[in-house]
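The values are calculated or read from the model by the stated rules, or taken from the named source; none is laboratory data. Fair warning: this is a prediction, and the values are worked out from it, not measured in the lab. We place every Cβ from the backbone using ideal geometry, glycine too, and count neighbours over all the protein chains shown. The accessibility values were calculated without ligands, DNA or RNA, using every heavy atom of the protein model including side chains. Shrake-Rupley method; radii C 1.70, N 1.55, O 1.52, S 1.80 Å.
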Amino acid sequence: MTNFKRTLVTSALPYANGPVHIGHLAGVYVPADIYVRYLRLKGEDVLFIGGSDEHGVPITLKARNEGVTPQDIVDKYHTIIKKSFKEFGISFDIYSRTSNKIHHETASGFFRTLYDKGEFIEKETEQYYDQEAGQFLADRYITGTCPHCNKDGAYGDQCESCGTSLNATDLINPKSTISGSVPTLKATKHWYLPLDKHEPFLRKWILEDHKEWKSNVYGQCKSWIDLGLQPRAVSRDLDWGVPIPVEGAEGKVLYVWFDAPIGYISATRELTPDWEKYWKDPETRLLHFIGKDNIVFHCIVFPSMLKAEGSYNLPDNVPANEFLNLEGDKISTSRNWAVWLHEYLQDFKDKQDVLRYVLTSNAPETKDNDFTWKDFQARNNNELVAIYGNFVNRTLVLTHKYYDGIVPAPESFNSFDNETLDAIKGIVDKCEDAIKNFKFREAVKEAMNLARLGNKYLADTEPWKLIKTDAERVKTIMYISLQITANLSLLMEPFLPFTSKKLREMINLTEPEWSLCGLKEILKPGHAINQPELMFQKIEDQEIEVQLDKLLQSKKDNEVSSVKAATPAKENISFEEFTKMDIRTGTIVEAEKVAKTKKLLRLKIDTGIDQRTVVSGIAEFFRPEEIIGRQVSILVNLAPRNLKGIESQGMILMAEDADGKLVFVSPAQKIANGSIVS
RNA sequence: GCCGAGGUAGCUCAGCUGGUUAGAGCGCAUGAUUCAUAAUCAUGAGGUCGGCGGUUCAAGCCCGCCUCUCGGUACCA
C-alpha cells in the first residue's frame, strides 16, 4: 500500500427531504467520525467532509405537495440535519450543501470539462412535454392509468398500486400534474456517461487492485461489472438543480447522482484554498464512508467520472456498511419507522455517547443488524454504567478517600502490577489495529476491555482491605488504577468524545494526546485530580417504554393511513363499455411455475368454452398444487399476450390490498364453468 | 431465474492460507466481595458451526446439491 501523507474522508451526503435517523448514523456518520477523530488524535492531516444533497425530483415533489419552494424544503431539512449532527458530535471540518453557489460552479465546471473532452455521448429521445407549463415533465410529474393493473394515479416511473416500474410513455391517458393538461411527446437531447467505456479500467482497478475492499463492497461491484455497464444519463429536464452549462440546454439540469458526489469536492473548495492538495495529490488517501445503497455510485460511477476528468485521485477504500433495522422492521422515512436523531437528542439529553456506543458496538458492518431499545438500555446499564463508568468512579472515589485527590507515588511493582501495566499497551494496539481496518465494533469492544482490566485489577488487589493492613501497597494500586483511567480517557476519545472530555476534566488532563496512549504513566505522582461525578446514568424501563410507545403509535398511524389509502373510484363508464368485457367463471385444471421467474404461474383454465392457458403473476402468494381445482373469474376476451415465451389468453381476476396481497375473486358457490359474470 | 452478501451458543458477533477438547461480549446459574450507580470479580451451564452428500489422515473453513434472510436484476396484464 502507498504511504499516504494525508487523508480525505467523505461521508455520504444525506438527502435533504427528511431528518437523519439512526440508520444513517450507524452506517455512515458514526464510523466515519470515529475514524477521523482517531487520525486527528494521531496528529495526522485529515479533512472530514459532509453536506446535504439538495437536488433531485423527490425534493421538488415534496415542495409541490406542501405548497412551498424546493429551496424552502432543503433549507428546513439542511438546518435540522446540520444542527443535529453538530449536537451529536459528528466532527465535520465542513458541513456544506449542494444548493450553494460554489457547488453549482464546481459541478458545472466538472461537467464542462468532461463535455469538452468528449467524455459524454449525446442522445435524443422523445419525452413528455407540458405545453401549458412550457417544460419537460419528469416521470414523477406524469400520472395516468397503469397499463398493468389499470389503476389510475400511476406515476411515470412507477405504479404505486402494483409496484411495477414503468416508462412514462407506457401510461394510458397521461396527465401532467403541473398543469393538468395532456402532455405531448417532444424530442429532447441528453448527455450520457458511457460507463461501458470505462469497464476494462474498472475491472482491473477494483477486481484486481482492490481485493482488500470489504467483501460486500467487492462482491457488489463485481456483480455490476459482470452484468454489463450501460451509459447513464447525466442530464435531465428539470428546473431544480445545476443547470447544464452548454448552449441549447435550457431547462436541463445535472442529474442528481452526477452532482451529489461532486458536492464532496465543492465542500472541500469551500473549506480551504488548498483543496486541490486533498483531491489531486497522489499522496492523499481518499476514503468514502457510505451505506450499501451507495456502493455502485461510489465504486463505479463516481470513479468513472473522476477518471474521465483525469486530474483527480480515486478512492483508496470505500468502507460501506449494511443496513440497520429497528425493532425487527426496516427503517422507513415514509412510514415514520425510525429513531430520528433530532428527537433522540431531545429525549435523551447529553446522552450522545450512549447512542454512539450502541450504534458502534452493534454496527451493521458485515450484515444487516437490528436496533432495539431493550438492547440500547442493556448496553448502557450493563456496559457503559457497570463496566466503564463504575471502574472510573470507584478509582476516583478511592483516590479522594485515601489521598485527597492527589495521585500517589507507587512503591514497588510486583509481577501482577507489571502484567497489568503491560496489558494496557496490548489493548491499545489491538484497538488501533481494528480502527485502521474499519472494524469499529471490534475496536470499541477492545477499548471496553481496558475498563474490564481495571475492574479486575481492583477486585484482585482489594485496596479497601489493604488500606487497613498495608497502606503503602495501596499507593501502588491506586497509582496503577489511575493510569488505567487516564488511558481510558484517551482510548475512548474517538468513540465517546463527550465522556472523554468529562473524564479528562475530572482527572485534570487538558487536551488529549494520543502519543501518551498506552503509556504506563500518564498521571504523575503529585498530580491533583478533581471531584468525580458519574459519567453515565442508568436508563430506567420507563424511558424505554416511552420510545416503544412512540413506535407503536407509528404502527397504528400506518394502519389507519393504509385503510384510508383505498384508491379513489375511476371515471364513470357506460353499461355498453362494461359489457365489452367478457368475464366468466372457470376452474384451474393445471398450474405450474414458469421456469426462471419469481412471480409467474402458468395456469390451464377450463372456461366452459374451452381450456386455455393463462400466465398470472401470483406465484409469490400461491403454490401451484394448492390452487388446482379452484374456481376463479376470468376475463376471456382480453387480447392474448406473450409472456416468457408462453401465450397468455386472458386474465384471472384478483383482489389486491394496499400491501400488495392477492386474493382470488371467485364465485361464492360452485357454479358451472363458463357462467357469465356481470 | 441470474448475480452478490449472509445463515456459528438465548442475543450480537470473532474464527487467518483446512489441523489438538469451536471462541468473545451481553444475558442466565452458582460462588466470592462491598471501594463503587445492587455495580464488580471468579466459576459454570449452553452450540449436530442452516441441511444433505463429497474431497482429505483431518472441514465451521474446500467442492456439489438443497434451504432460509437481505440487496441487485429479469419477470407481474
Among the candidates A:GLY50, A:GLY23, A:GLY67, single out the residue that is of a type outside the set (A, V, I, L, M) and modelled with pLDDT of 95 or more.
-> A:GLY50
Apart from one, (1) part of a helix (DSSP H, G or I); (2) within 12 Å of RNA strand B (Cβ to nearest atom) all hold for A:PHE438; the odd one out is (1)
List every residue pair whose Cβ atoms lie under 8 Å apart, where the two residues are 6 or more positions apart in sequence or sit on different chains, the first residue falls within region A:271-282 and is in contact (Cβ under 8 Å) with a residue 24 or more places away in the chain, and the second residue, located anywhere, is open to solvent by 40 Å² or more (accessible area, probe 1.4 Å).
-> A:LEU271/A:ASP93; A:LYS280/A:SER311; A:ASP281/A:LYS5; A:PRO282/A:THR2
Within region A:387-427, track down each residue that is within 7 Å of RNA strand B (Cβ to nearest atom) and out of contact with any Lys or Arg (no Cβ under 9 Å at 6 or more places or on another chain).
-> A:GLY389, A:ASN390, A:ASN393, A:ARG394, A:VAL397, A:LEU398, A:LYS401
Please enumerate the residues belonging to region A:94-122 that are surrounded by fewer than 17 Cβ atoms within 10 Å (Cβ to Cβ) and under 21 Å from A:VAL46 (Cα atoms).
-> A:ILE94
Of all the residues that make up region A:459-480, how many are within 9 Å of RNA strand B (Cβ to nearest atom) and at negative phi?
-> 6
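Select from region A:307-324 the residues that are under 30 Å from A:HIS21 (Cα atoms) and not acidic (Asp, Glu) and list them in ascending order.
Within region A:307-324, A:LEU314, A:PRO315, A:ASN317, A:VAL318, A:PRO319, A:ALA320, A:ASN321, A:PHE323, A:LEU324 qualify.
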Report whether or not A:LYS430 is in a helix (DSSP H, G or I) and open to solvent by 80 Å² or more (accessible area, probe 1.4 Å).
-> yes
Does at least one position in region A:447-458 carry a residue that is within 30 Å of A:SER215 (Cα to Cα), open to solvent by 40 Å² or more (accessible area, probe 1.4 Å) and within 12 Å of RNA strand B (Cβ to nearest atom)?
-> yes
Given (1) among the hydroxyl-bearing types (Ser, Thr, Tyr); (2) outside any strand (DSSP E or B); (3) under 22 Å from A:ALA320 (Cα atoms), where does A:THR60 come up short, assuming only one miss?
-> (3)
List every residue pair whose Cβ atoms sit under 6 Å apart, with the two residues 6 or more apart in sequence or on different chains, where the first one lies in region A:362-389 and is β-branched (Val, Ile, Thr) and the second, anywhere, is at pLDDT below 90 and surrounded by fewer than 21 Cβ atoms within 10 Å (Cβ to Cβ).
-> A:THR372/A:GLU327
Keeping to region A:629-655, report how many residues are modelled with pLDDT of 85 or more, part of a loop (DSSP other than H, G, I, E, B) and more than 7 Å from RNA strand B (Cβ to nearest atom).
-> 6
List the pairs whose first member sits in region A:522-533 and is part of a loop (DSSP other than H, G, I, E, B), whose second member is among the small types (Gly, Ala, Ser), and whose Cβ atoms are under 6 Å apart, counting only residues at least 6 apart or on separate chains?
-> A:ILE522/A:ALA486; A:LEU523/A:ALA486; A:PRO525/A:ALA409; A:ILE529/A:GLY405
Could you tell me whether region A:36-45 includes any residue that is closer than 28 Å to A:THR499 by Cα, crowded, with 18+ Cβ neighbours inside 10 Å and within 17 Å of the chain's Cα centre (by Cα)?
-> no
Keeping to region A:403-426, report how many residues are open to solvent by less than 20 Å² (accessible area, probe 1.4 Å) and of a type in the set (A, V, I, L, M, F, W, C).
-> 3
